[in-house]
């Protein structure tokens, strides 16, 4: 059996963080829950969870000194996976109740309220992964568990240089089409909760471990 | 491309044991909430709800153990209700492994607690549980009244107005339980579902009255985004969740 992949789940005080740890352990990762710089920077994979408000998550990341860590890992080609609000903060900004909060800015785009009759978008929804997906391989037609009111509804990161690998963008729909997942070199993120998405979610985490 | 209708079995837990009896064969321990949670997960449940009916707060510690053991083994959303009075109770449940908490009596007694909980943990964490019954009380113009203590005590509060207020205060979902329909197995109170649906934008979970798979599609047509039931799953055949989903699907609604 292969050596378990070493993954750090970033512990910055966000909601039910244990579920991400348990789900990763369940698929065979060697998981550390930590906010220490060396654990975050040295792990083979970093998982950034996130529950609650965009602004609160950004503040919490800042408070534990984690704002630079994600960019530093990405620059060093060290894999990172963001989940839910941990996905949203990878973008330029979040707009909640008319207040704009800068995000980590790894990708262009704004996280805004979904124009749907029923909000939050809560429950199991389908996704549309692109051909070149690695995360959704084998689970392209499964449903995943979403809980959110805000989302990135326009993807503005079109790569024109032929030498660059274009990001693999997965879409979903609730009131509007929105970005449900991005795979961009070492940086990946999903709007839903793989750790709460049963067997399909477990497979997605397994697929991510396979990229480490 | 639409979110699936959620089918949610509800387990009543007293001092760490499932009560109201479960009728499954092949279970090592039918009173073990963890074993039942695993069974329902394998049977296709989209979410699970534990209702802690423990009378004495001293025995409530066991609930946290049950939640944490379940979260170790079942990777679908878990809501826990019963005894939630303050943000600190929600914090403990989340730390134990719950994804959401449901609140009922404590919110009726002090609605501000909804703001306190959702401002700290986000709207998605809180389900407002409303036990409502039909009434002719002029103080309840919708014709539905909020009750407490399992439907035994009327409050004189209009159920539709209460659902609307709670949504404005920040609850992420409303679990609407019809006291009149509960236990009748004659179907959901569709008028009640329609009335609350028209008043709120947050997801609505319908409960009370389900006796057979065919009872579910009308509740969804009336506006429910999810359906919750207990005895039909506990006492029905093992594949009851699949049968319910089949009925929902045949009526043209999406299921997982």
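For segment B:99-129, the candidate set comprises residues that are in a loop (DSSP other than H, G, I, E, B) and under 14 Å from the mean Cα position of the chain (by Cα); within that set, the residue that is nearest to residue B:48 (Cα to Cα) is B:99.
Among the criteria (1) modelled with pLDDT of 95 or more; (2) away from chain B (no Cβ under 14 Å); (3) touching a strand residue (DSSP E or B) at 6+ places or on another chain (Cβ under 6 Å), the one residue A:137 does not fulfil is (3). Entry remark, segment A:87-120: residues being in contact with a helix residue (DSSP H, G or I) (Cβ under 7 Å, 6 or more places away or on another chain) and buried (at least 19 other Cβ atoms within 10 Å of the Cβ) number 8 in total. For residue B:147, are the conditions met, namely being more than 30 Å from residue A:141 (Cβ to Cβ), without any contact (Cβ under 8 Å) to a residue 40 or more places away in the chain, in contact with a strand residue (DSSP E or B) (Cβ under 6 Å, 6 or more places away or on another chain) and away from every other protein chain (no Cβ under 14 Å)? Yes: the conditions hold for residue B:147. Whenever a residue of segment A:14-29 is at the interface with chain B (Cβ under 7 Å from one of its Cβ atoms) and farther than 15 Å from residue A:206 by Cα, its partners that are modelled with pLDDT under 95 and in a helix (DSSP H, G or I), lying with C-beta atoms within less than 8 angstrom and at least six residues away or across chains, give the pairs A:15/B:94; A:15/B:121; A:15/B:125; A:16/B:94; A:16/B:95; A:18/B:71; A:18/B:95; A:19/B:71. If you go through segment B:102-120 and pick out every residue that is surrounded by fewer than 24 Cβ atoms within 10 Å (Cβ to Cβ) and within 12 Å of chain A (Cβ to nearest Cβ), you end up with 3. Quick check on segment A:140-149. Is at least one of its residues more than 22 Å from residue A:58 (Cα to Cα) and free of Cβ contacts under 8 Å to residues at least 24 places away in the same chain? Yes, there is a match, as at least one residue in segment A:140-149 is more than 22 Å from residue A:58 (Cα to Cα) and free of Cβ contacts under 8 Å to residues at least 24 places away in the same chain.
Exactly one residue out of A:37, A:56 is away from chain B (no Cβ under 11 Å) and either surrounded by fewer than 21 Cβ atoms within 10 Å (Cβ to Cβ) or more than 18 Å from residue A:187 (Cα to Cα) (or both): that is A:37. Of the helices (runs of 4 or more DSSP H) lying entirely inside segment B:182-249, those carrying at least 1 residues that are closer than 19 Å to residue B:42 by Cα are B:231-235. Against the list (1) surrounded by fewer than 23 Cβ atoms within 10 Å (Cβ to Cβ); (2) within 14 Å of chain A (Cβ to nearest Cβ), the condition residue B:196 fails is (1).
Could you check segment A:146-183 and list, in sequence order, the residues that are out of contact with any strand residue (DSSP E or B) (no Cβ under 7 Å at 6 or more places or on another chain) and farther than 21 Å from residue B:4 by Cβ? Residues satisfying the conditions are A:158, A:159, A:160, A:161, A:162, A:163, A:164, A:165, A:166. With respect to residue A:64, is the statement that it is under 15 Å from the mean Cα position of the chain (by Cα) and either over 26 Å from residue B:96 (Cβ atoms) or more than 10 Å from chain B (Cβ to nearest Cβ) (or both) true? Taking the combined requirement at face value, the residue does not satisfy it. Taking the conditions (1) crowded, with 20+ Cβ neighbours inside 10 Å; (2) at negative phi in turn, residue B:59 satisfies each one other than (1). Can we say residue A:160 is modelled with pLDDT under 95 and either farther than 27 Å from residue B:37 by Cβ or more than 14 Å from every other protein chain (Cβ to nearest Cβ) (or both)? For residue A:160, the condition - modelled with pLDDT under 95 and either farther than 27 Å from residue B:37 by Cβ or more than 14 Å from every other protein chain (Cβ to nearest Cβ) (or both) - is met.
Just so you know, in segment B:163-193 the residues that are at pLDDT 95 or above and over 17 Å from the mean Cα position of the chain (by Cα) include one that is farthest from the other protein chains (Cβ to nearest Cβ), and it is B:191.
Comparison of B:67, B:80, B:90 shows that the only residue that is within 14 Å of chain A (Cβ to nearest Cβ), modelled with pLDDT of 90 or more and assigned to a strand (DSSP E or B) is B:80.
Looking only at residues that are away from chain B (no Cβ under 14 Å) and more than 19 Å from residue A:90 (Cα to Cα) in segment A:163-212, which one is farthest from the chain's Cα centre (by Cα)? Among residues in segment A:163-212 that are away from chain B (no Cβ under 14 Å) and more than 19 Å from residue A:90 (Cα to Cα), the one farthest from the chain's Cα centre (by Cα) is A:163.
Does segment B:130-142 include one or more residues that are within 14 Å of chain A (Cβ to nearest Cβ), more than 19 Å from residue B:222 (Cα to Cα) and touching a residue at least 12 places away in the same chain (Cβ under 8 Å)? There is no residue in segment B:130-142 that is within 14 Å of chain A (Cβ to nearest Cβ), more than 19 Å from residue B:222 (Cα to Cα) and touching a residue at least 12 places away in the same chain (Cβ under 8 Å).
The values are calculated or read from the model by the stated rules, or taken from the named source; none is laboratory data. Quick caveat, the model's predicted, so the values are computed rather than measured. For neighbour counting, all protein chains shown are included, and Cβ atoms are generated from backbone atoms with ideal geometry for every residue, glycine included.
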